[in-house]
1. How about the stretch 27-41: which of its residues are among the charged types (D, E, K, R) and under 14 Å from the mean Cα position of the chain (by Cα)?
2. Do you know which residues across the stretch 29-81 are within 26 Å of Ser91 (Cα to Cα), loosely packed, with under 15 Cβ neighbours inside 10 Å and polar (S, T, N, Q)?
3. Just to be sure before I move on: is Leu82 in contact (Cβ under 8 Å) with a residue 60 or more places away in the chain and among the hydrophobic types (A, V, I, L, M, F, W, C) in the structure I sent?
Amino acid sequence: MTQEQDHSQDPEEQGLTEDTLVLDFLDQAGVTERLNRPGTQDVAINRPFEIWVDGPDGWVREDAPWLTYSLCWRLANALCALNYRVLAPHSPIHT
């Protein structure tokens, strides 16, 4: 009998890291672009379709028509998983 070869690869060998999904969701949500702006201190998402940016003029609300509920949920879940947290009705907020 011959032994079957293991064709699976280590994620690092595939060019992936555990935060790849989170980074992609941050890009899709517009967070990365805002964090890269000069003077930005923080970015917050409290609901779909808007992003809050803490910059030189204080907190400013920005429209984000691409930021659907589904994308907010995927981003929140990915961030929680990366940080070993659980997102549930009894613990909905994580910073």
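1. Asp27, Glu33, Arg34
2. Passing the criteria: Thr32, Gln41, Asn46, Thr68, Ser70.
3. Taking the combined requirement at face value, the residue satisfies it.
Quick note: the coordinates plus some simple rules give every number you see, no bench work behind them. For clarity, every value in this text was computed on a predicted model and none was experimentally measured. Cβ atoms come from the backbone with ideal geometry, glycine included; neighbour counts cover every protein chain shown.
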